[in-house]
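Note sheet for the following structure.
Since every read-out is calculated from the coordinates, none of them should be taken as a lab result. All values derive from a computational prediction rather than experimental measurement. In this analysis, Cβ positions are derived from the backbone assuming ideal geometry, glycine residues included, and neighbour counts consider all displayed protein chains.
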Amino acid sequence: MPTDMQKIDIFVRNRMIRLKYTRHNKTKEYKWEDNYNISRNFLLRLDKINNCNKNNINCLFKGNSDSVSEPTTIFLRREGRESTTYRIILVSLRALEWAGFCKVNVSR
């Protein structure tokens with residue numbers, strides 16, 4: 001596995017979302033509950049975590065301009081039953097995958 005490839009784990013249980021990734025040998029984890037505007041809040045959270053504007057080394061998602069490096073791999077895991085939150089997050093991630101910013105691996 002190349003060293004510049006990123007891996008992000010996203011766990012969804014009902015309306016609870018947990019996002020976990022490792023950056024510079026430090027594991028970071030965010031957890032929140034989505035009540036309203038699920039897709040908007042989820043994408044805003046991802047944008048906040050993705051610090052491309054401040055420091056390029058903290059950029060989790062690499063655009064198509066970085067053809068040398070592989071895109072971020074996101075592992076989406078459903079914990080419990082399939083919820084509306086899970087389906088909205090899956091569609092949001094598939095849109096990012098379609099745009100070339102990440103690869104999505106869905107598992108239960």
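Quick rundown of the values:
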item	result
Total residues in region 82-108, condition in contact (Cβ under 8 Å) with a residue 12 or more places away in the chain and out of contact with any strand residue (DSSP E or B) (no Cβ under 9 Å at 6 or more places or on another chain)	5
Enumeration of residues in region 83-108 that are under 18 Å from Asp9 (Cβ atoms) and of a type in the set (D, E, K, R)	Arg94, Glu97, Lys103, Arg108
